[in-house]
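Asks: One structure is given below, represented as structure tokens, and several questions about it will come after.
The values are calculated or read from the model by the stated rules, or taken from the named source; none is laboratory data. Just so it is clear, the model here is predicted, and its values are computed rather than measured. Every residue, glycine as well, gets a Cβ built from its backbone with ideal geometry; the counts of neighbours run over all protein chains shown.
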Amino acid sequence: MSTVLVLVQHDDGVIRKPSLELLTLARRLGDPAAVVYGDAGEPLVDALGRHGATTVYAVAPPEPSAYRPVAEASAVAEIAARTAPIAVLITSGPGGTEVAARAAVRLDAGIITDAVQVRAGSDGPVATQSVFAGSWFVEGRVCRGTPVITVRPNAVTPEPVAEPVSPVVERVEVAAPMPAAVPRVVASRPKAATGRPELTEAAVVVAGGRGVGSAEGFALIERLADALGGAVGASRAATDLTWCPHELQIGQTGKTVTPQLYLAGGISGAIQHRAGMQGSRTIVAINKDPKAPIFQVADFGVVGDLHTVLPALIDEIAKRRG
């Protein structure tokens, strides 16, 4: 069976959910092989085996430490050139897209970004993309070199294999890139933990817009997100008014999310916002304006004041869980 390379993201040995999704997709195309940047300990290798990876390429970070996307791209390109996979799968996002682009250039190959599905085709993998602010789905394939495809989180449900395998672990060393050719990291600090899932990876996203009225009103959005175990998002209006950080912005100039459930409170639903959330599996909108554009894409809509609806919803969730 043909090899499919998957770049695995992990936090201290714990595999991130989008990478498990990629392994699930890879099994539909061929034989998954995982590329792990950094220490590939036994628990991580076992977890990869439970999701079908037959080979694990453990990439040792170069010394001195290099700009990570460049080092990862070098490793992916080097392994792909040696193993000739039928595809390289990488999670969509600022880091993943940069790695994919650099790897594609090194491989002299085509690239498809932000796929929402990948399937096997007669002439190679076929990727589905959501385009024109989610109004259309298009299918495409790479016609030159090894296809490099980035896939949005929540594209598929991660599924372990029926019979776990014991992956073969191969250590890979990459040379540090030329210092003048890449950015230089002068300082870094860990992101403050919120206890909530990552916005682009969350199965549930609760987002607020101008209709929440104030920073205090936005706290209702956060309470509902916590009640549902979801992430918090926002429209550009809410972030511009400094009711929440800009990193929570969803839309054409923000982040793209594709959760199982997207709940929008006080968001009118301009095309720029819909571009970032229209691929969500189920969309619930709460707005006091019955003509708000968000209702055009919503699966369920509530016409009413969110300051009345959301507290009642939070109380009902607490009752059912209590």
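Asks: Please specify each residue of segment 154-186 satisfying the condition of being in contact with a strand residue (DSSP E or B) (Cβ under 7 Å, 6 or more places away or on another chain), part of a loop (DSSP other than H, G, I, E, B) and at pLDDT below 85.
Replies: V174
Asks: Given the structure, is Y37 in contact with a Lys or Arg (Cβ under 8 Å, 6 or more places away or on another chain), surrounded by fewer than 19 Cβ atoms within 10 Å (Cβ to Cβ) and within 30 Å of V186 (Cα to Cα)? Spell out the reasoning first.
Replies: Numbers: in contact with a Lys or Arg (Cβ under 8 Å, 6 or more places away or on another chain): yes; surrounded by fewer than 19 Cβ atoms within 10 Å (Cβ to Cβ): no; within 30 Å of V186 (Cα to Cα): yes.
No: the conditions fail for Y37.
Asks: Let me ask something else. Counting just the residues of segment 102-140 that are polar (S, T, N, Q) and out of contact with any Gly (no Cβ under 6 Å at 6 or more places or on another chain), which one comes out farthest from I86 (Cα to Cα)?
Replies: Out of the qualifying residues, it is S135.
Asks: Restricted to segment 227-240, and to residues that are crowded, with 17+ Cβ neighbours inside 10 Å and farther than 18 Å from N154 by Cα, which residue is nearest to the chain's Cα centre (by Cα)? Can you show your working first?
Replies: Kept after step one, since they are crowded, with 17+ Cβ neighbours inside 10 Å, are these residues of segment 227-240: 227-228, 230-239.
Of the ones still in play, those that are also farther than 18 Å from N154 by Cα are 227, 234-239.
Working: A227: 22, A234: 17, S235: 19, R236: 20, A237: 23, A238: 23, T239: 21 Å.
So the residue we want is A234.
Asks: Further question on the same structure: Given the criteria assigned by TED's automatic domain parsing to the domain that holds G251, small (G, A, S) and in contact with a Lys or Arg (Cβ under 9 Å, 6 or more places away or on another chain), does G211 qualify?
Replies: Yes, satisfied.
Asks: Name the residue, out of V88, V45, V36, that is farther than 29 Å from C143 by Cβ and assigned to a strand (DSSP E or B). I'd like the intermediate steps shown before the answer.
Replies: On the way: V88 fails: farther than 29 Å from C143 by Cβ; V45 fails: assigned to a strand (DSSP E or B).
Only one candidate qualifies: V36.
Asks: While we're on this one: Anything in segment 79-106 that is under 12 Å from T146 (Cα atoms) and in contact with a helix residue (DSSP H, G or I) (Cβ under 9 Å, 6 or more places away or on another chain)? List them, or say none.
Replies: Scanning segment 79-106 gives A80, A81, P85, I86, A87, V88, L89, A100, A103, A104, V105, R106.
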